[in-house]
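In what follows, a structure is listed as structure tokens, so that the remarks can point back to it.
The values are calculated or read from the model by the stated rules, or taken from the named source; none is laboratory data. Only a predicted model underlies this, so the values are computations on that prediction, with no experimental measurement involved. Here Cβ is always computed from backbone atoms with ideal geometry, including for glycine, and neighbour counts include all displayed protein chains. Ligands, DNA and RNA are excluded from the accessible area calculation, which covers all protein heavy atoms including side chains. Shrake-Rupley method; radii C 1.70, N 1.55, O 1.52, S 1.80 Å.
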Amino acid sequence: MTDFHSPTRPVAVITGGSQGLGLALAEALADRGWALVIDARRVDRLEVAAARLAARTTVTAIAGDVTDAGHRRALADAANALGPVRLLVNNASTLGVSPLPRLSEISAETLARVFDVNVVAPIALLQALGPQLSKGATVINITSDAGVEPYEGWGGYGSAKAALEHASRVLDVERPDLRVLVVDPGDMRTEMHQDAFPGEDISDRPEPAASVPGLLDLINGDQPSGRYEARSLVTTESRQR
């Protein structure tokens, strides 16, 4: 961990921060002076990501699974060492298996795993952070249009994202001290998206960085709690920030 510590430096916790959207957002925040706590399951990828970020800001990278209570506690402890958390981004996600099974055929074990990662873990991590989330902190729960539209084969993942969206709305009612944003980044050229379409060419999808300006608009703005589509928020001004 390179020390850029400052008592006024904002702190963000980003799950799934070793690649894809999580890493793209982490890099953008690092360039803007945020201290970071990131995680991922794969140690090798996390170490590479942490090395890239450490040249820019204070970063603590912890390998582990967001469904593990001990790992969530470690993330909370690391964040506490940096200061009050102003931003929590629940980005870590899973499809379950690839290729995607029909909902009438998905195993109970896979469905439980999908809900554990996509619904239970984000809520449990927020609970673990507890008072470390500063008053007025922003919580971003990454969702998908699959949580709204009934796509064949996406029943497990889509229903989990729908549950996350509803839980976010309830959280907004229960925690008026937080700003709870549900954000759909849109289709992206990521490993997870490729897993959803094995053997297909997804090179026409935008890179994750295309969704980052919209996320930054939300993080830096004063939009109320609610559901947003990241790329619909992108303006010429935000692209230049």
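Relative to the current alpha-carbon distance between R9 and R41, full extension at 0.36 nm per residue lengthens the span by 8.8 nm. Rolling a 1.4 Å probe over the protein heavy atoms of the chain, with every protein chain left in place, gives an accessible area that is 52 percent carbon and sulfur.
Remark: the D31-V48 segment gains 4.4 nm on full extension, using 0.36 nm per residue and subtracting the alpha carbon distance.
Find, among the GluC sites (Glu not before Pro) in segment 42-135, those assigned to loop by DSSP (not H, G, I, E, B) with at most 10 other beta-carbon atoms within 10 angstrom.
Values: sites: E47, E105, E109; in loops: E105.
Answer in residue order: E105.
Name the GluC sites (Glu not before Pro) in segment 138-206 that are in a loop by DSSP and that have at most 14 other C-beta atoms within 10 Å, would you? Intermediate results must be reported in sequence, preceding the final value.
Details: sites: E152, E165, E174, E191, E200; in loops: E152, E200.
Within segment 138-206, the qualifying GluC sites (Glu not before Pro) (loop, at most 14 other Cβ atoms within 10 Å) are E152, E200.
Per residue, the chain exposes an accessible area of 46 Å² to a 1.4 Å probe, with every protein chain left in place. Under a 5 Å amide H cut-off, with hydrogens placed 1.01 Å from N, R227 pairs with V182 among residues at least 5 apart or on other chains. Comparing G130, G147, G156 in a Gaussian network model of the chain (Cα springs below 10 Å), the most mobile by mean-square fluctuation is G130.
Using only DSSP helix segments of four residues or longer, with each worth -39500 (n - 2.57), what per-residue ellipticity at 222 nm results for the chain after dividing by its residue count and rounding to 500?
The per-residue figure over the chain is -11500 deg cm²/dmol.
Over the chain, Cα pairs under 8 Å with separation of 6+ residues give a relative contact order of 18 percent. Tell me the label only: which of (i) 61, 53, 31; (ii) 52, 37, 35; (iii) 57, 50, 37 is Cα extents along the principal axes in Å as calculated from this structure? It is the value labelled (ii).
Under the classification rounded if a/c is under 1.5, otherwise prolate if a/b is larger than b/c and oblate if not, where does segment 154-232 fall, given a ≥ b ≥ c as square roots of the Cα gyration tensor eigenvalues?
On the way: a/c = 3.97, a/b = 1.53, b/c = 2.60.
It is oblate, given that a/c is not under 1.5 and a/b is not larger than b/c.
If only the Cβ of Lys and Arg carry +1 and only the Cβ of Asp and Glu carry -1, the dipole of the chain around its Cα centre is close to 780 debye.
Label-to-label distance, A112 versus V170, with points set 7 angstrom from Cα along the beta-carbon direction: 2.0 nm.
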